[in-house]
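For reference, the structure discussed in these notes is given below.
The values are calculated or read from the model by the stated rules, or taken from the named source; none is laboratory data. Remember, predicted model here, so these are calculated numbers, not experimental data. Counting neighbours? That spans all protein chains shown, and the Cβs are built from the backbone with ideal geometry, glycine included. Side chains are part of the model used for accessible areas, which takes the heavy atoms of the whole protein and leaves out ligands, DNA and RNA. Shrake-Rupley method; radii C 1.70, N 1.55, O 1.52, S 1.80 Å.
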Amino acid sequence: MAGRLPAQADVVIIGGGVVGCSIAYHLTKIGVANVVVLERKQLTCGTTWHAAGLVGQLRATRNLTELAKYTTALFEGLEAETGQATGFKQNGSVSIALTEGRLEELKRGASMAKSFGLAVDVITPTDIAARLPHYAMDGVVGGVFLPKDGQVNPIDVTQALAAGAKMRGGKVFENALVTRILVDNGRVAGVETAEGTIRADKVVIAAGLWSRDLGRTVGVDIPLHACEHFYIVTEPVAGLPRDMPVVRVTDECTYYKEDAGKLLVGAFEPVAKPWGMDGVRADFAFDTLPEDMDHFEPILASAISRVPLLERAGIQLFFNGPESFTPDNRYHLGETPEVRHLYVAAGFNSIGIQSSGGAGLVLAQWIKAGHAPMDVNGIDIRRIAPFQSARRYLRDRVTESLGLLYAMHWPYRQAETARGARRSPFFEQTKALGAVFGEVNGWERPNWYARGGVKPEYDYAYGRQNWFSCAQAEADALNNDVVFFEQSSFSKYLVEGRDAAKALNRISANAIDGPVGKIVYTQWLNPRGGIEADLTVTRLDENRFLVVTAAAAQRRDMAWLQRHLPAAACAAVDVTSGLPMLSIMGPKARKLLEKLSGEDLSNAVLPFGWSREIEIGYARVRASRITYVGELGYELYIPAEFAAHVFERLMEAGAEFGLTPAGMHTMNNARMEKAYRHWGHDIADEDTPLEAGLGFAVAWDKPGGFIGREALLAQKAKGKLTKRLVAVALNDASDAAPLLYHEEPLIRDGQLVGAITSGAWGHRIGRSLGLGYVNCPEGVTKDWLASGRWEVEVAWARRPVTVQLEPYYDPKGERVRG
């Protein structure tokens, strides 16, 4: 054994499951041959070996679907390439709906699939019965068929990936336990094993169940927790078709797969069983967990009713094994914010097989190029918050995470477990006013306020939900009087030092080095011109700046900022917790704030885009005149110890002006009317400011330039934009108009040319609205938009829409600057 491990590698991958081997396969394929995979026991011995091997393609976003499509294409040719059997077969998949709500979900997914270029059919109960004659059709209202979905043997496909890596010079070692990750001055330097040290410039944690604990040894947060996952395999079933598609009856939490004449029946039940809270022992390999028929029996009973063949089939295997789940049911991928060149690929939420090819491809390209090859913000490890690695939080949350795979994916659905982690100083006060809370990044935020007899809880639907009338009342107050929003969750960084202005000016596309008190709306771009962050920067004094960004971007944006600050006289500190924020918005906002402060806040004193300190009661508060809802308004940044006092003064003074509490749903509805962009939905690192209509926020000729300037100049020099963000409104303004959410196809003159990125009902104008990108090789122009016949496809049905570049509400911005 001594000396079998190399002393140096370009990349060390910790973990020999399907994802670790896929990363090695793809690294060697793009020319990074000095790759070492270290598996503590044997390949696949953690979770991969007992995976069901389903290979679905439709995911929640375009890019994740593209990665799943790539995985399928990879598996189609992997056996021929490597000589190793994979067990891949493509019988398709059928998803069955037992409720109208589920059928709408499936139809919306089918429209998305069509937009993504997937073969898909919406099928009737009669069609389903013809495809699945051995299934009972009780309660079936319809379904969807994806003919290119398939299945593989997980062990075989992992061995094939490992073989492909070794064919091109990669090395795979079993029984090679990593005992320590080496870090030097904030950068990874290699790993230690029982057999010696391997120095490496890049290290990947792909250790499955062990990833969280391994990350913690070097201060890296990888929040995941194991749950017990159950399935049965029958004895051979006479009459079971060998070409049976994978079947999902998600309303019954079950999936079915033909397996060499046997039937595998698995489940993702609503309340899961967490496992391994005290850690997973190092010698755990090919282990199973104890049977729990009491837990699985309700699933089995419904399965027997659905597939009567099961009643006569014997059970050959009752399986229970651990799989890793994450707080938001999305896996973790990418470079860690804590340690440079340390990467993560873990927490695959029972979709590791179908994600393995795409995840391996993306991470390999990321490692080689130093940046992600596409927008993967939904799975980027930088999205998580440190508290989410707490064991108790993870245990409580993953009881829900497992079941979310098959739960209804309702719009606005809120997590039900592990709530209350982060609460602002205004939590109890807003709760007393009827706030119904949602969660973002652990923060409890008022999403809407129950009023008019509406029960203070969600009643989910794809159409208008029970809070619609409450949001209408909030929008009316916003339009006519004044409202307050509780925005303490917004992330805030203090950047200060002698070189702060110079550093921020280089990082930001807009001009930051302006007068004290100026608020600058800007993007932070990557060298390719893509938008990494969308935020404001306020100059507090000569060498101090306040950066404000979205709650969900707290970790990501701080990591970007810190990694692009020069080794000079400036530093960034996260001050989110110490600086809660309320905003007051509406035509009476100025009068209310003048009464509160006793100061003149006219346009001459505090114009739009400026900030100053004022006094409210006993507190000194920063008032920034800016808006995300398209009305006259101010954001109030309050030292935490004065928050309750300022809130009391605000409520006392507000009664005279009809002050009304408003929630985040109203903020989102209002920003949609104004076509204000939302990072992560409408803009991300694949979109440029020019494509997104944000060229006004680019200071092209400022001294010193900015990151991404050369790429934007090259795009600008082409003289046309083949992709642009547009505002969309359904022509149907009736109460029956469907709502847009995301990825609904946009069609011009019968041709697919784009998709919705986000949507909502515009309460001030009474229209169903969306934002989305459209594409035209000859250039997206106003004339091209105006000359086409436009439709949007919602749940397999096309609806006429109007498409334009300008917002539908107050396009000249007169109300904002009033």
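Quick notes
- Contour minus Cα-Cα distance for Asp600 and Ile30 (0.36 nm per residue): 198.9 nm
- For region 152-293, the dipole from Cβ point charges (+1 on Lys and Arg, -1 on Asp and Glu) about the Cα centre works out to 760 debye, to the nearest 20.
- Inter-label distance, Leu805 to Gln90: 4.2 nm, where each label sits 7 Å from its Cα along the C-beta direction.
- Assuming charge only on the beta carbon of Lys and Arg (+1) and of Asp and Glu (-1), the dipole of the chain about its Cα centre is about 1820 debye to the nearest 20.
- Rg over Rh for the chain works out to 0.97, using Cα positions for both radii and the Kirkwood form for Rh.
- Cβ-Cβ FRET estimate between Arg544 and Arg817, R0 fixed at 25 Å, reported to 0.05: 0.40
- Close amide-amide hydrogen proximity is noted between Val204 and Val12, Ile13, Ile14, Tyr343, each under 5 Å apart and 5 or more residues distant or on a separate chain (H modeled in the peptide plane; Pro and chain starts excluded).
- Counting only residues at least eight positions apart within a chain, or on another chain, the lysines with an alpha carbon under 19 Å from that of Lys171 are Lys29, Lys41, Lys202, Lys368.
- Helix-only CD estimate at 222 nm, as mean residue ellipticity for the chain, using -39500 (n - 2.57) per DSSP H run (n ≥ 4): -7500 deg cm²/dmol
- Column: log10 I(q)/I(0), Debye, Cα scatterers of region 286-406, q = 0.18 Å⁻¹: -1.03
- Using the alpha carbons alone, the radius of gyration of region 216-284 stands to its Kirkwood radius in an Rg to Rh ratio of 1.15.
- Residues of type aspartates and glutamates that Lys273 reaches as a straight line, Cα spacing below 13 Å, ignoring anything fewer than 8 places off in the same chain: Glu228, Glu291, Asp292, Asp294, Glu323, Asp396, Glu400
- For region 1-64, with +1 on Lys and Arg beta carbons and -1 on Asp and Glu, the positive-most of Leu38, Asn63, Ile13 along the dipole: Asn63
- Loop trypsin sites (Lys or Arg not before Pro), region 237-281, which have at most 12 other Cβ atoms in a 10 Å radius of their Cβ (DSSP): Arg242, Arg281
- Length gained on full extension, Arg391 to Glu235, computed as 0.36 nm times the residue gap minus the Cα-Cα distance: 52.2 nm.
- Ordering 804-812, 202-210, 667-675 by mean Cβ neighbour count within 10 Å, with the highest value first, yields 202-210, 667-675, 804-812.
- Size-normalised alpha-carbon gyration radius of region 1-46, reference 2.2 N^0.38 Å: 1.16
- Projecting the Cα atoms of Ile367, Gly442, Gly92 onto the charge dipole of the chain (Cβ charges, centred on the Cα centre) puts Ile367 farthest toward the positive pole.
- Long-range tail of P(r) for region 350-455 (Cα pairs > 16 Å, %): 72 percent
- Point-to-point label distance, Lys518-Glu648, nm (Cα→Cβ direction, 7 Å offset): 4.0 nm
- Loop sites in region 584-624: chymotrypsin sites (Phe, Trp or Tyr not before Pro), DSSP, at most 16 other Cβ within 10 Å: Phe608, Tyr618
- FRET E, pair Glu457, Ile304, Förster distance 41 Å, beta-carbon r, rounded to 0.05: 0.75
- In region 710-818, GluC sites (Glu not before Pro) in a DSSP loop with at most 11 other beta-carbon atoms within 10 Å: Glu778, Glu814
- Counting all C-alpha pairs of region 76-156, share separated by more than 22 Å (%): 38 percent
- Filter on Lys431/Lys588; Lys107/Lys718; Lys518/Lys674; Lys502/Lys720 - keep pairs with C-alpha separation over 28 Å: Lys107/Lys718; Lys502/Lys720
- When both region 27-92 and region 644-712 are represented by their alpha-carbon centers, they are found 40 Å apart.
- In region 489-579, the inverse of the mean reciprocal separation of distinct Cα atoms equals 12.9 Å; this is its Kirkwood hydrodynamic radius.
- Magnitude of the charge dipole for region 755-818, about its Cα centre and with charges confined to Cβ atoms of Lys, Arg (+1) and Asp, Glu (-1), is about 280 debye.
- Note on region 29-77: Kirkwood radius taken over Cα pairs, Stokes-Einstein applied at 37 °C and 0.692 mPa s, translational D equal to 242 µm² s⁻¹.
- Note on region 408-515: Kirkwood hydrodynamic radius from all Cα pairs is 16.9 Å, rounded to one decimal.
- A dipole drawn for the chain from +1 and -1 charges on Cβ atoms has a positive end, and of Trp679, Ile756, Leu494 the residue lying farthest that way is Leu494.
- Each of Asn731 and Ala119 was given a label point 7 Å from its Cα along the Cα-to-Cβ line. The distance between the two points is 3.4 nm.
- Rounded accessible area of Ile30 (nearest 10 Å², 1.4 Å probe): 50 Å²
- Multiplying the residue separation of Lys716 and Arg528 by 0.36 nm and removing their Cα-Cα distance gives an extension gain of 66.4 nm.
- Estimated FRET transfer efficiency when R0 is 56 angstrom, pair Val573-Asp292 (beta carbons, to 0.05): 0.70
- A cut-off under 14 angstrom between Cβ atoms defines the neighbours of Phe145, and their net charge, with Lys, Arg +1 and Asp, Glu -1, is +1.
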